[in-house]
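Contents: one structure, followed by commentary.
Every read-out reported here was derived from the displayed coordinates using simple, explicitly stated rules and does not represent laboratory data. Just so we're clear, the structure is a prediction, and the values are computed from it rather than from any experiment. Quick reminder, even Gly has a Cβ in these numbers, built from the backbone with ideal geometry, and neighbours come from all protein chains shown.
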Amino acid sequence: MKSNKVLSLIIILLLLSTAFLIGCQQKSDMTKIKVMEVTHSVFYAPQYIALTEGFFKEEGLDVELIDGKGADKVMAALLSDQIEIGFMGPEASIYVYTQGKDDYAVNFAQLTQRDGSFIVARKPNSNFTFEEMRGKEILGGRKGGMPNMVLEYVLKNNGLIPGKDINVRTDIQFGVMAGAFVGGEGDYT
């Protein structure tokens with residue numbers, strides 16, 4: 001009977017000390033922010049360095065970075081309050097605004113100066129010309145997405161009319177284009 005009382009006393013002391021320790025936790029002065037980027041890209045290297053070197057934490061920001069895998073998904077996350085900041089091209093904001101939504105996203109910053117896309121061919125070619133793409137197929141990304149719009153602009157400026165001189169595929173999601181290309185889809189991506 002005496003051992004039961006001692007055991008009960010030990011359990012009560014453990015519970016009280018645990019409650020005391022829980023009550024001693026410091027309150028965080030960090031502001032949590034969820035940031036979703038359209039894709040992981042070398043063009044966002046300064047952001048990755050700031051995260052890994054703790055620069056945001058020094059400013060009191062606890063940043064969670066999420067790969068959105070496309071501007072449409074970033075915008076959906078932003079509009080549904082799943083994130084606080086979304087990195088994407090301005091087209092996503094324009095699409096939402098032109099639908100007449102009361103709660104639309106506002107672009108407030110420019111993260112990059114130029115589009116981060118480049119053309120990849122199946123074989124190396126040190127003397128590339130756009131004329132070599134005539135009659136070929138390129139994976140362009142989502143129709144109406146910034147990478148595809150920039151691609152079509154560049155092609156037109158180099159004498160290739162999409163749909164006439166070159167087939168620009170817009171049926172493969174941006175996040176799986178590399179895999180589709182490696183798997184044999186398209187002549188370029």
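Which residues in segment 44-65 place their backbone N less than 20 Å from a point set 7 Å from the Cα of LYS32 along the Cα-to-Cβ direction? Under 20 Å, as judged by backbone N against the label point of LYS32, lie 51-52, 54-65 of segment 44-65. Phi angles across segment 127-134 convert, under the Karplus curve 6.51 cos²θ - 1.76 cosθ + 1.60 with θ = phi - 60°, into 3J(HN,Hα) values of 10, 4, 10, 5, 4, 5, 7, 4 Hz, Gly and Pro given as x.
Once the convex hull of the alpha carbons of segment 100-185 is built, what does its volume come to per residue, in cubic angstrom? Intermediate values should be presented prior to the final figure.
On the way: hull volume 12.6 nm³, N = 86.
Spread over its residues, the Cα hull of segment 100-185 gives 146 Å³ apiece.
Its Cα centre serving as origin, segment 130-182 has a Cβ charge dipole (Lys and Arg +1, Asp and Glu -1) of approximately 140 debye.
Dipole magnitude for segment 31-98: computed about the Cα centre from +1 point charges on Lys and Arg Cβ and -1 point charges on Asp and Glu Cβ, it is near 140 debye. The peptide list 49-61, 174-186, 140-152, put in order of mean Cβ contacts within 10 Å with the highest first, becomes 140-152, 174-186, 49-61.
Note on SER41 and PHE118: the extension gain reaches 26.5 nm, defined as 0.36 nm multiplied by sequence separation minus the Cα-Cα distance.
May I ask you to derive the FRET efficiency for ILE94 and ILE49 from their Cβ-Cβ distance with R0 = 22 Å, giving the value to the nearest 0.05? Mind dumping the intermediate values first?
Values: r = 31 Å, r/R0 = 1.39.
Step by step, r from the Cβ atoms, then E = 0.10.
Using only the alpha carbons of segment 23-164, what is the convex hull's orientation-averaged projected area in square nanometres?
Numbers: hull surface 50.9 nm².
The number I arrive at for segment 23-164 is 12.7 nm².
Scaled against 2.2 N^0.38 Å for its residue count N, the alpha carbon radius of gyration of segment 31-98 is 1.15.
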